[in-house]
Amino acid sequence: MRCGEVVSVSVMQEVDHDTCTVTLPPCSFPNNDAENGVVVLQCDDGGAGGEFGHLDAQGGFVAGDPITHYRAALDNPGIVQLRAQCDDLPTALDPATGQEIQTFDDDPWWTDGTAWDGSPNGRFTVWEFTISDGAPEWWRPELDLGAYFTAKIEPATDHNGQSMAGYINFSLGASSEPGYCLNRTRVSQPDPQWNDTGPDDADLKFPPDQDPNIQVSADCSWAATAEPALEASVTVRCLDYGAYGSIIAEAQTLQGIMASARLLLDDDPRTYYTYQVNGETYFRYYAPIPWDEDGNCIWDGWQWNAGNALDDEEPGGALPGDGFSRYEEYRGLTVNLGWTWLDPDADQDVFILDWEALKSPPGGPPLPGIGAGDLPSLGVAVHVIHYPEAKNIEYEPGTAYINYNCDTAHCNSQPGVYVIDQVIQHAGQCGQTDVKLDRPNPTSFIDIAKINALYQQAAPEATQMLVGHELGHACNLAHHGGATTRACVMWDVPAVGDPLHHTYCNAGNPGCRALYMLHE
C-alpha cells in the first residue's frame, strides 16, 4: 500500500483452550478442557506511525474503535508489521449444567496477523513515489534558466527482499509562446529543437545532456531512465520569460501498475502538496513550473500578479489600459537589447521608435536621435527604442507592433510610434502626424531644419515641445483651438515668440491628460 492509504484489517479472534478451575463438583468439559473467548486489547504497527480505526458513513477514515481499517503514515515509507494484543475471557459455559464457570486466566499476548494481501506475519510494504519541487516559489521563468527535479521510489526493497526499482519516466507540458519575449526570438542551428519561433516550440524542454542513465526524446518533452532505478533526476531548461507548464513523473510498481509521483515540498519534515475538496484531502501529482496557484499563467511571486492574465486596466487618459495585457507585461520585452518587464498597475506604456538613431549605419558612429520630447509629462511611461541593433527587431517591420510575439492573453496589437525627421511642405508647419495609435505604423514627422530656422537659439526647447505636440496627436489628442488655457503642449500652432509650454493641461478646458487614448 502507499503512504497515507487506507486498507481494511481484521483480527482473527481464535478460541483459547484453558483448564476448568472448578473441582466441586467437577466440570463436565471433555478432558477438563474449556473453550474461552478472546478479545483484542489494542493494535500496533511496530512504530511505523500509522493509525487504526474505521470508516464513517461518508467513507472517511476515523481513528479509534471499532477497528476495521488501517491508515499508513504519510511520512514513513518502509516495512510494516501489524500486531494485535489479545486476552482470553476466563469463563466458559459448563456443557452439562449450562452454568458459567471460571477457567484459567492467561496473561495478554501479542499475535502476528495476516496482512490484507495475504502476506504472512502481518508484514507488508508501505511505499512512496515522489517528485521534488524543482521550481520552488522563488523561481520565475528566465531565458536559459534551469530547474532541477528528482523522482524517488521508497523503500529500496519490499518486505520480501525484492528491489523496488522501476523505470522512471518524466514528461513536460508547457506553453509554446512565439519568441522568448514579446519582441525577440532566437533561432538555433544546427539544433532546431531549441528554436522558439513557432507554436510547436515548447517553452520548457529537457536538454539532451542529462545524467548517463537518462534518455531524452527528440522533441525534448520526455525523459526516462534507461535502466530500473530507485531515484532519477532531470534538468528542465526554460526558453521563454513567460513560460508556464508542469512536469510529471511515473514509475511502474512491483504490482505492475503505473504510479504517478506525488509532489514533495520538503523532505525534513516530509511535506507533500495537498488540497481539500469537500473535506477530503488530495495530493498533487505534478510539479508546477513556475508556481501559479491562481491559474493566470503568471508566476505567483511577481509583485503585480494579483489579477487576470487579460487585465489591461492601467488608469490614465480617456480609456484605461495601454494595449498590453497583464500577462504580456509580466512576460516582458527588450528595449535597446535589454530585457525588462512592465508595470501593469502604474502608468500606461508608450513606445517611441526614434528613426533618426535607429538608421545609424552598422559599426559606424551613432546618429543623434530626436527622442520623445515632452511626451512623459502626459503621465505615460515612455520607452524610446534607439539602438541601431534593435532596428526591425524590437518591433515588427511593416506594422511597428511591439508585442508581435503573442499568443497567451493577447488583447491588442500595440505599435510603437515612429519619430522621423522629414521636410514638411506646409509653410510654418513644423510637424505632422497622420496615423495614430493603435493602428499600424503610427508616425510623427518633425521638420528639424525648419524648427532650427524659425526658432534659432530657442530651437532645442521648441523641438522638445513640438515633438511632444506631435506625439500627443499620435496618442489621439486634438489641437487646443478654442480652449480656455494656452499653457499646454497641445496649443494650436504657437507662433514664434510665444511662450513654449512643456506640460499637458491637467484639468479644465480641455484637460489633455484625461483625454488621450492609446487604443480605441
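Any read-out appearing in this document is the output of simple, stated calculations on the displayed coordinates, not a laboratory observation. On a predicted model such as this, the values are computed, not experimentally measured, just so you know. Every residue, glycine as well, gets a Cβ built from its backbone with ideal geometry; the counts of neighbours run over all protein chains shown.
Look at the dipole of the chain built from charges on Cβ: of Ala474, His159, Tyr282, the Cα furthest out on the positive end belongs to Ala474. Given the alternatives (i) 0.97; (ii) 1.30; (iii) 0.95, Rg/Rh (Cα atoms, Kirkwood Rh) as computed for this entry is given by (ii).
With contacts taken as Cα pairs under 8 Å and at least 6 residues apart, the stretch 6-126 reaches a relative contact order of 29 percent. Placing +1 on the Cβ of every Lys and Arg and -1 on the Cβ of every Asp and Glu, with nothing else charged, gives the stretch 146-202 a dipole about its Cα centre of roughly 140 debye.
Just to verify a number: FRET efficiency for Leu319 and Ala226, C-beta to C-beta distance, R0 = 56 Å, to 0.05?
On the way: r = 58 Å, r/R0 = 1.04.
The calculated FRET efficiency here is 0.45.
In nm, give the distance between the simple-model label positions of Gln252 and Asn506, each being 7 Å from the Cα along the Cα-to-Cβ direction. Once both label points are built, they end up 7.3 nm from each other. When cysteine pairs in the chain are screened for C-beta atoms closer than 4.7 angstrom, the residues that find no partner are Cys3, Cys43, Cys86, Cys181, Cys220, Cys238, Cys297, Cys406, Cys411, Cys430, Cys475, Cys512.
Test of understanding: what is the full-extension gain from Phe61 to Ala346, defined as 0.36 nm times their sequence separation minus their Cα-Cα distance? Each step should come with its number before you reach the end.
Details: separation 285, 0.36 × 285 = 102.60 nm, distance 5.08 nm.
Length gained between Phe61 and Ala346: 97.5 nm.
The slack between Ala306 and Asp107, meaning 0.36 nm per residue of separation minus the straight C-alpha distance, is 65.0 nm.
If the chain between Val7 and Arg486 were fully stretched, how many nm would it gain, using 0.36 nm times the residue separation less the Cα-Cα distance? Write out the running numbers ahead of the final one.
On the way: separation 479, 0.36 × 479 = 172.44 nm, distance 8.34 nm.
Length difference between fully extended and current span is 164.1 nm.
Here is how the number arises for the chain: DSSP H runs of 4 or more residues each give -39500 (n - 2.57), the sum is divided by the residue count, and the result at 222 nm is -2000 deg cm²/dmol. Its Cα gyration tensor gives the stretch 11-144 an equivalent ellipsoid. The semi-axes, each the square root of 5 times an eigenvalue, are 51, 14, 10 Å from largest down.
The simple spin-label model puts a point 7 Å past each Cα toward its Cβ; for Asn160 and Glu461 those points are separated by 9.4 nm. Using C-alpha pairs below 8 Å separated by at least 6 residues, the relative contact order for the chain is 10 percent. Reported to the nearest whole Å, the Cα centre-to-centre distance from the stretch 387-460 to the stretch 252-330 is 40.
The alpha-carbon of Lys450 sits under 28 angstrom from the alpha-carbons of these lysines, leaving out residues fewer than 8 places away in its chain: Lys359, Lys391, Lys436.
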